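The values are calculated or read from the model by the stated rules, or taken from the named source; none is laboratory data. Just so it is clear, the structure is predicted and the values come from calculations on it, not from any experiment. Glycine gets a Cβ as well: all are built from the backbone with ideal geometry, and neighbour counts include every protein chain shown. Each accessible area value is taken on the protein alone, full model and side chains, heavy atoms only, with ligands, DNA and RNA left out. Shrake-Rupley method; radii C 1.70, N 1.55, O 1.52, S 1.80 Å.
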Amino acid sequence: MLGTLPGEESLRRVEYYAHPRNLFWPIIFALFGGGAPPPVYPERLAFVREKRVALRDVCEAAQQLASAECTIAAEVPNRIHDLLDHHPGIRAVAFNGSGARGLYDRHFARRPELLYLALPSTSPAHARLGFAEKLARWMPLYETVREV
């Protein structure tokens, strides 16, 4: 699962998807039948690890105004292809929003052996879709992980 870059709240807490209105954790727990996300971050990480979902950002560093994805500039990409080379069991790459997909495509070539999933952003800045619609559009992640 690739995001773009941590937002302000995620940086402050040192947690992926820490903003209280970000739908990432509720969607992941709903997809995989985990009920409500636990308030304790290590338990959330254990849950995604158990479901074989890895979390990473496309950017290691970048200039960004507040938490707005559209202001990302001068980005330094993470070494995603090294990660993929060292973990050949990875079969799919999912993008949490078009920003992550665009940054990935700017810095990396897609690999023909991988499935790429373009999912709607869970960020509160992308509230055009509600929880139920985002959950439905994230179903391919569940189906892909379940098949592995």
Every listed condition ((1) among the hydrophobic types (A, V, I, L, M, F, W, C); (2) out of contact with any Lys or Arg (no Cβ under 6 Å at 6 or more places or on another chain); (3) open to solvent by 50 Å² or more (accessible area, probe 1.4 Å)) holds for residue 92 save (3)
Looking across segment 24-53 at residues that are in contact (Cβ under 8 Å) with a residue 40 or more places away in the chain and assigned to a loop (DSSP other than H, G, I, E, B), the single one that is most open to solvent (accessible area, probe 1.4 Å) is 52
Filter segment 68-80 for residues that are under 23 Å from residue 122 (Cβ atoms), open to solvent by 30 Å² or more (accessible area, probe 1.4 Å) and of a type in the set (A, V, I, L, M); the one that is modelled with the lowest pLDDT is 68
Condition set assigned to a helix (DSSP H, G or I) and small (Gly, Ala, Ser), scope segment 99-123, selection surrounded by the most Cβ atoms within 10 Å (Cβ to Cβ): answer is 100
Within segment 17-45, residues being under 25 Å from residue 128 (Cβ atoms), in contact with a Pro (Cβ under 7 Å, 6 or more places away or on another chain) and not hydrophobic (A, V, I, L, M, F, W, C) number 5
Looking across segment 126-144 at residues that are of a type in the set (A, V, I, L, M, F, W, C) and over 15 Å from the mean Cα position of the chain (by Cα), the single one that is least open to solvent (accessible area, probe 1.4 Å) is 129
Here the qualifying pairs (Cβ atoms under 6 Å; residues six or more apart or on different chains; first in segment 8-20 and under 12 Å from residue 39 (Cα atoms); second at pLDDT below 95) come out as 18/9; 18/10
ask   = residue 83: open to solvent by 40 Å² or more (accessible area, probe 1.4 Å) and more than 26 Å from residue 26 (Cα to Cα), yes or no?
value = yes
